[in-house]
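In what follows, a structure is listed as structure tokens, so that the remarks can point back to it.
We did not get these values from a lab; they are worked out from the coordinates using the rules stated. Keep in mind the model is a prediction, meaning the values are calculated, not measured. Counting neighbours? That spans all protein chains shown, and the Cβs are built from the backbone with ideal geometry, glycine included.
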């Protein structure tokens, strides 16, 4: 069963008293364990699509199904549970809480899901070890480099063992060296943990880490079988 199925999805935003289309008639299927890059310029609909897949917004029309769950028929409380249990998020600007240490940021999803603090901290330390940041566990975001903050954000995104990782321009605020390290880490998560990755980017180098690439243009999704990808068989 695919981890993601999108059928006839459209999204309108209100502007000046009329609907402005952000997505139009999007149909898409992503198989479990895939690593897919969505490419396109700013404003083409990449982030809007990720928000719908991540249960952070609802489509104006059509159907989005994640891991067998129809998001459109789910209540708000059910959508919260889906985000906590099935989906991980990585953003361009990290979205770490500045008053929490790296350990506390990574353990937070477990606490919000009702796990006790000891278990949440143990899980957080395990994942911080996987991203090479155990020694920085008690540092606050302001004490970390940009690359380290993004690795903490990645650790937070997978600490709950999601089936789907959504990354929106994850290297957009990083230099090339740190960007490469982050992409290698995301690739490891996909290949070694089997987490499906959907990544939005405008950077050909970043997209080349994926095994499949689609393009967005004016709210439409276009498959690009000619895209040369680093991890293609």
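With N set to the number of residues, divide the alpha-carbon radius of gyration of the chain by 2.2 N^0.38 Å and report two decimals.
Details: Rg = 17.5 Å, N = 233, 2.2 N^0.38 = 17.5 Å.
Relative to the rule-of-thumb radius for its length, the chain sits at 1.00.
Once both labels are modelled 7 Å past Cα along the beta-carbon direction, what's the residue 135-residue 7 spacing in nm?
5.3
With axes computed from alpha carbons, what is the tilt in degrees of helix 146-158 against the longest principal axis of the chain, rounded to the nearest 10 within 0 to 90?
Roughly 80 degrees, rounded to the nearest 10.
If I model a spin label at residue 20 and residue 222 as a point 7 Å from the Cα along the Cα→Cβ vector, what separation in nanometres do I get?
2.2
If you restrict to DSSP beta bridges whose two residues both lie in the chain, what percentage is antiparallel, to the nearest 5? Mind dumping the intermediate values first?
Details: 20 of 38 bridges.
Percent antiparallel among DSSP bridges in the chain is about 55.
Quick check: pseudo-label points 7 Å beyond the Cα along Cα→Cβ at residue 184 and residue 122, how many nm apart are they?
Here the answer is 3.1 nm between the modelled labels.
Please give the contour-minus-distance gain from residue 76 to residue 203: 0.36 nm per residue of separation, less the Cα-Cα distance, rounded to one decimal in nm. Please report the intermediate quantities before stating the final value.
Values: separation 127, 0.36 × 127 = 45.72 nm, distance 3.41 nm.
Residue separation times 0.36 nm, minus the Cα-Cα distance, leaves 42.3 nm.
Taking the radius of gyration and the Kirkwood hydrodynamic radius from Cα positions alone, what is the Rg/Rh ratio for the range 103-204, to two decimal places? It would help to have the intermediate numbers written out before the result.
Details: Rg = 13.4 Å, Rh = 13.9 Å.
Taking Rg over the Kirkwood Rh, I get 0.96.
Please give the calculated 222 nm ellipticity per residue for the chain, where each DSSP H segment of at least 4 residues contributes -39500 (n - 2.57) and the sum is spread over every residue; nearest 500 deg cm²/dmol? All intermediate terms of the calculation are to be shown ahead of the outcome.
Values: 7 runs with 79 residues, N = 233.
Rounded to the nearest 500, the figure is -10500 deg cm²/dmol.
For the chain, find the longest principal axis of its Cα atoms and tell me its angle to the long axis of helix 76-86, 0 to 90°, nearest 10.
Relative to the chain, helix 76-86 is tipped by roughly 60 degrees.
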